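Undergrad: Let me begin by handing over the structure; questions about it come next.
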Protein chains: 2
Amino acid sequence: MLLDLFLLFVSARLAGELFARLRQPAVVGEILVGLLIGPSLLGLVRETEFLSLFAELGVVFLLFIVGLETNPRELWRVGRHSAAVAVLGVVAPFALGYFLMQALHHPTNEALFVGAALTATSVGITARVLSDVGKLGTVVARVILGAAVFDDILGILVLAVISAVATEGGVSLPAIALLAAEAIAFCVLAVLIGRPAVHRLSPRFWRHPQEARRNPIFALAVALCLGFSLLATTIKLAAIVGAFFAGILFAETREAAELRRSMDPIYAFFVPIFFVIVGTHVALTTFTPTVLLIGLLITLIAVLSKLLGCGLGALPLGRRQALTIGIGMVPRGEVGLVVASLGLTRGIISQDLYSMVVMMCVITSILAPPLLRPLLRPAQLPAAPSAEGRP
Amino acid sequence: MLLDLFLLFVSARLAGELFARLRQPAVVGEILVGLLIGPSLLGLVRETEFLSLFAELGVVFLLFIVGLETNPRELWRVGRHSAAVAVLGVVAPFALGYFLMQALHHPTNEALFVGAALTATSVGITARVLSDVGKLGTVVARVILGAAVFDDILGILVLAVISAVATEGGVSLPAIALLAAEAIAFCVLAVLIGRPAVHRLSPRFWRHPQEARRNPIFALAVALCLGFSLLATTIKLAAIVGAFFAGILFAETREAAELRRSMDPIYAFFVPIFFVIVGTHVALTTFTPTVLLIGLLITLIAVLSKLLGCGLGALPLGRRQALTIGIGMVPRGEVGLVVASLGLTRGIISQDLYSMVVMMCVITSILAPPLLRPLLRPAQLPAAPSAEGRP
């Protein structure tokens, strides 16, 4: 156990560091090193029950933190542009991915999972590029960041529905409608009941005269994160759906900044290990010419669908800005990998398809930054109106 | 897995909070709630492979943090008094515990483990009391804190030797000497090679222009903590011995304060769960009248041996101060429980003896604060000479 964790952690951090220095996303380095030390190549780490449960815990924390950094207010600020970008940017990839898989005669469950894996934007990569070139204050940046929030919520809803459908087995329209209603009810109730409760509770935990080590606000957050994940699984949603909404509940509290700092070491310990494990699951032997071809096809669909969907949504801002926004939304990353990983461990998608989806996530994540930088550099992008003064 | 973790974490934190409000050590609350939800009473949580590995990871982090807070320089400041208190406070409990078990016809391995579990002072409880009554600046407090550092190091050495002896099976004098030499060599080499390396490396990690989330100094610390634990197990020492020394390496770096803050959430997540699991291992059915009687006898030995050993060491400071220091060193806690837990999971000590040792740790931890407070309150304890100006 110690050996496995040591290997996974050290290789994750070394690869992440290397890729960060190469100005590439750390997550790509983590996946590739997983492929290297996994059963396909060096065979240093093999899957144990402990590691898969450990990875599951890691992804629950990851989605909690994504939720914690999702500020619903951003949505209202950037308004209709973000909403249009997000909705079209979810519908287009899901539909294109689903129909591609159906056309290739894959089972409906697989098609649904590929569609879902194509929906979620990994905004971290784009945000990093925007911040590198000092363009975080532009309209383009605001629209992208706002859309990504919306995207995450829609993506989680899509995942909630399809994972429930896949567990149920059948895919009848009333069943989907029921599950969608259940998923939406979970989110709405979580926010309606949980938000006021958390906003009322968390200041009390904050002020509690305890030694810093006991960190009561952190304890409350971890308890809710685990509790919501559990609740989600009991109504047959994925655990990460619950974790994500638990995170959202804390996102707007006064304690959010402190809580984010407390979650950082948890992130730094669990999350890189999760992505290395994602990489170890990729079986190189599955990459036959056919798989490579379909993988490239999925990647193409992934790029085009976001470019078209998001670009169309952003068209009122002008063609150049629409193109920038479209490319900014291309990287899949964390959430796409989480969906693929869930599909694989539940036996819903095949090993082949898993490898293709990971390939798509890796390529889109590597592709976006070099395409984005020239679009951002020369143009005088309009600055966003200041958000000061608005509540 | 989520259900187990949720139950363990929430009950740990609620019990810890309750005991903290009752001015009792949180660790006592965590053990007792473990007893409550464990197989003995409610049976809500049962031991799984995941949970035992998770607890093992928790205790590795715990000992790393104990090491990180162990400042070897404190030893020189308080000088000979602390050293005398520490050495006599380790020798007396070990010897008395060992001979008591031998007299009761327990196997030698068990006697060694009980002796070891009796050695280590849990200074956290006493430090809390001293800080509550504002006496942290007194000679008594300095001597206690300094002795506790020495105590931890001696305790870890004792543990290193006896756990290796127990794994080897036989207990021949040359074998013990060899293992003691091995343990001491490990510590000396770790400090001689590791300390300059860490002192040279850690500022580079600190200054590295990375986003806070990647937290490179934390990554280095976790990597060394896991790596040293692994190294210790490969030379048949306990993993926690390695973790403890990895912590010591960082204790005097400039980055130590930042690192402690980063380790806090790791502590807050893993450590309470570890102590609840310690509690779940106590089988109530083992508490026959005989076991209770021997348990009380061990507890009596635990109190008297520290009182005599440490008191004798502190006698040059006057009888009242010697008594205060003796009582301040009485609480066993974390390290005693870690030793017992290690003995149980390795099948070296029986379930009966495990329950007795846990009982001893709980009673000594509850006993010390109420005895200590009156001794501290009325007397004008001499203040320690200021340590300012010394390097």
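Undergrad: Let me have the 222 nm mean residue ellipticity of chain A computed from DSSP H runs of 4+ only, each contributing -39500 (n - 2.57), with the sum over all residues rounded to the nearest 500.
TA: Values: 16 runs with 297 residues, N = 391.
Calculated mean residue ellipticity at 222 nm is -26000 deg cm²/dmol.
Undergrad: Explain nothing, just the number: relative contact order of chain A, from Cα pairs under 8 Å at least 6 residues apart, as a whole percent. All intermediate terms of the calculation are to be shown ahead of the outcome.
TA: Numbers: 600 pairs, mean separation 117.3, N = 391.
Reported relative contact order: 30 percent.
Undergrad: Then there is this: By counting other Cβ atoms within 10 Å of each Cβ, how are B:361, A:187 ranked from fewest to most? Write out the running numbers ahead of the final one.
TA: Values: B:361 30, A:187 21.
Ranked by crowding around the Cβ, least crowded first: A:187, B:361.
Undergrad: For residue A:138, enumerate residues with amide H under 5 Å from its amide H, sequence gap 5+ or separate chain, H modeled in the peptide plane.
TA: Counting only residues 5 or more places away or on other chains, the set is A:384.
Undergrad: Further, regarding this structure: What number does the range B:70-376 give for Rg over Rh if you use C-alpha atoms and the Kirkwood radius?
TA: Values: Rg = 19.5 Å, Rh = 20.1 Å.
Taking Rg over the Kirkwood Rh, I get 0.97.
Undergrad: Per the Kirkwood treatment, what hydrodynamic radius in Å, one decimal, follows for the range A:238-356 from the mean inverse distance over all distinct Cα pairs? Intermediate values should be presented prior to the final figure.
TA: Working: mean 1/r = 0.0581 Å⁻¹.
About 17.2 Å, per the Kirkwood formula over Cα pairs.
Undergrad: Straight distance only, please: which lysines reach the Cα of residue B:306 with their own Cα at less than 25 Å, same-chain residues fewer than 8 apart left out?
TA: Filter leaves B:135.
Undergrad: Let me ask another. Within 10 Å of each Cβ in B:52-59, how many Cβ atoms from other chains are there, averaged over the peptide? Before the final figure, lay out each step's value.
TA: On the way: counts 2, 10, 5, 0, 3, 6, 0, 0.
Other-chain Cβ atoms within 10 Å of each residue's Cβ, averaged: 3.
Undergrad: Mind putting a number on the dipole of the protein assembly as shown about its Cα centre? Charges go on the C-beta only, +1 for Lys and Arg and -1 for Asp and Glu, and I need it in Debye to the nearest 20. Write down the numbers at each step before the final one.
TA: Working: 56 positive and 44 negative charges, 498 e Å.
Charge dipole, the protein assembly as shown, about its Cα centre: 2400 debye, nearest 20.
Undergrad: Within 10 Å of each Cβ in peptide B:224-236, how many partner chain Cβ atoms are there on average? Round it to a whole number, please. It would help to have the intermediate numbers written out before the result.
TA: On the way: counts 2, 3, 9, 5, 1, 4, 6, 2, 1, 2, 2, 0, 0.
Across the residues of B:224-236, the mean count of other-chain Cβ atoms within 10 Å is 3.
Undergrad: Then there is this: Grab the Cα-Cα distance for residue B:104 and residue B:285, subtract it from 0.36 nm times how many residues apart they are, and report the gain in nm with one decimal.
TA: Answer, rounded to one decimal: 63.1 nm.
Undergrad: Let me confirm one metric for peptide A:269-279, namely the mean number of other chain beta-carbon atoms within 10 Å of its residues' beta-carbons.
TA: Numbers: counts 11, 1, 1, 2, 0, 0, 0, 0, 0, 0, 0.
Averaged over the peptide's residues, the number is 1.
Undergrad: Another question, then. On average, how much area does the Cα convex hull of the range A:183-298 cover when viewed from any direction, in nm²? Write down the numbers at each step before the final one.
TA: Values: hull surface 39.8 nm².
Averaged projected area of the range A:183-298's Cα convex hull equals 9.9 nm².
Undergrad: Using only the alpha carbon atoms of the protein assembly as shown, find the Kirkwood hydrodynamic radius as the inverse mean reciprocal pair distance, in angstroms to one decimal. All intermediate terms of the calculation are to be shown ahead of the outcome.
TA: Numbers: mean 1/r = 0.0356 Å⁻¹.
Over the protein assembly as shown, the inverse of the mean reciprocal pair distance is 28.1 Å.
Undergrad: Now for a different question. If I histogram all Cα-Cα distances within the range A:6-117 using bins 10 Å wide from 0, what percent of pairs lands in each bin?
TA: 12, 22, 33, 28, 5
Undergrad: Can you tell me the order of A:48-61, B:39-52 when each peptide is scored by its average per-residue count of other Cβ atoms within 10 angstrom, highest first?
TA: On the way: A:48-61: 20.9, B:39-52: 15.3.
Answer by packing, highest mean first, reads A:48-61, B:39-52.
Values quoted throughout were computed directly from the atomic coordinates according to the rules given, and no laboratory measurement underlies them. The model shown is predicted, which means the values in this text are computed figures rather than measured ones. Note that each Cβ is placed from the backbone with ideal geometry, even for glycine, and that neighbours are counted across all protein chains shown.
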